[in-house]
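Shown next, in structure tokens, is the structure this report addresses.
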Amino acid sequence: MCFLEKKFDIVFSQEELLFFTMYLNTQLVSSTNKMIKLEREKNFVKILDEMLEVVLNAFQLDYTNNSEIKSLFMQHILRLHNRLSYNIKIKNPILDTMKTQYADSYMIANYACSVLKKHYKKDIPEDEIGYFAMLFACAKEMKEKNLKNKNILIVNVSGKSLAKLFMYKYKDNFDKYIDKIYECNLAELNNFDFDKIDYIFITSKINIDLPKPVFDINILLESHDVLEVEKLFKNEEKTILEKYYKKHLFINNIKEIEKEKILKVLFNNCKKYYDIDKRFYNSVLKREELGTTDFMEDVAIMHPHKSIFDYSFVAVGVLDKPIWWGRKNVTIVFLICIAVGDDEYLENFYKITSSFLLNEEKIQILKKNPSFETLYLLLSS
């Protein structure tokens, strides 16, 4: 501060000095030891654990045991604590990006920040929610990287040189689907650890029972072979869509103009096919009370405050006319129910769904052609 006073020939008041001190205090953690000491303070750990716990309960996304992810969140909370304590507001230059391009992460962050609202007894600024959305987006990317790509085993019956050529061809053609490629010969097959792979590719038929799906392939990998293998890797996306999206849960031309009545229409339709009760309806309303779920124009994404049933499904309703939801006009309503403990396809489900929700062109197509067939085609394209 003395440097600035000399540089610009000014004198800072005590209030200005205090403001600078508080601001720097919100941005800096002076040493690693201090960081470790603060991380151990039960209050901050409790806040973080509670935030991740509500995300687990509502979305069945479990980050509670990932030390790397928790460390990222803890560093942010340490700085945020002082900003909230001193009511210092910062501008988030990526807020609009997070709300539009990472709507699912913003939805999760918005809900997680209800814990902060309760703890600090004040509303959490959207700019701060946007930073948490960025952290949740990073956490999801870290988790997806471990989940989405497959490990494959190539059983070599044609010699080392051809096997290596085959491995390079597969890596070149299917890099976005494959994480690791292992290779062994027939003699080594009996001792191979099959737990670390998803599929087995072999260039010649063998009469051996193996514990993972086996595919006979052409070692030269011609164009039709590429299409067949790609179809195999893409099949998981079809499985995800069929698991969560059902034609009988799609309703168009909903004429209701109130949020609760729209929810009632979707809820009553879901009751025909799933053993859900009033707890589900009330849990969704409780979630809406914590903050509206219209994060992008035209769409609201409703979901329960907490997962309490053993069913995963998505009910979709298209309104006859757009209504004001709380922040934006909404024409399409997604009602998402995630079963307790559902995590096999969950990360990719959120990825596929958010990819659709963030595509304005696809939303407009569904509005003009409100049918389940249109929705399914748009989700799978």
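Values quoted throughout were computed directly from the atomic coordinates according to the rules given, and no laboratory measurement underlies them. All values derive from a computational prediction rather than experimental measurement. Please note: Cβ atoms are built from the backbone with ideal geometry, for glycine as well, and neighbour counts cover all protein chains shown.
Structure summary
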quantity: Estimated FRET transfer efficiency (residue 182, residue 207; beta-carbon r; R0 25 Å; 0.05); calculated: 0.70
quantity: Contour excess over end-to-end distance, with Cα ends at residue 328 and residue 258 and 0.36 nm allotted per residue; calculated: 23.8 nm
quantity: Long-range amide H partners of residue 185 with built H, under 5 Å; calculated: 156
quantity: Paramagnetic reach from residue 286 in segment 326-342 [backbone N under 20 Å; point 7 Å along Cα→Cβ]; calculated: 335-342
quantity: Extended-chain gain in nm, criterion 0.36 nm per residue less alpha-carbon gap, residue 138 and residue 120; calculated: 3.9 nm
quantity: R0 of 56 Å, Cβ-Cβ distance residue 87-residue 215: FRET efficiency to nearest 0.05; calculated: 0.40
quantity: Nearest-0.05 FRET efficiency for residue 66 and residue 364, computed from C-beta distance (R0 51 Å); calculated: 0.85
quantity: Extension gain, residue 100 back to residue 43 (0.36 nm per residue minus Cα-Cα distance, nm); calculated: 17.2 nm
quantity: Hypothetical label at residue 57: residues of segment 296-323 whose amide nitrogen lies under 19 Å (7 Å Cα-Cβ projection); calculated: 302-311
quantity: Given charges at beta-carbon only (K, R positive; D, E negative), |dipole| of segment 241-380 in Debye; calculated: 420 debye
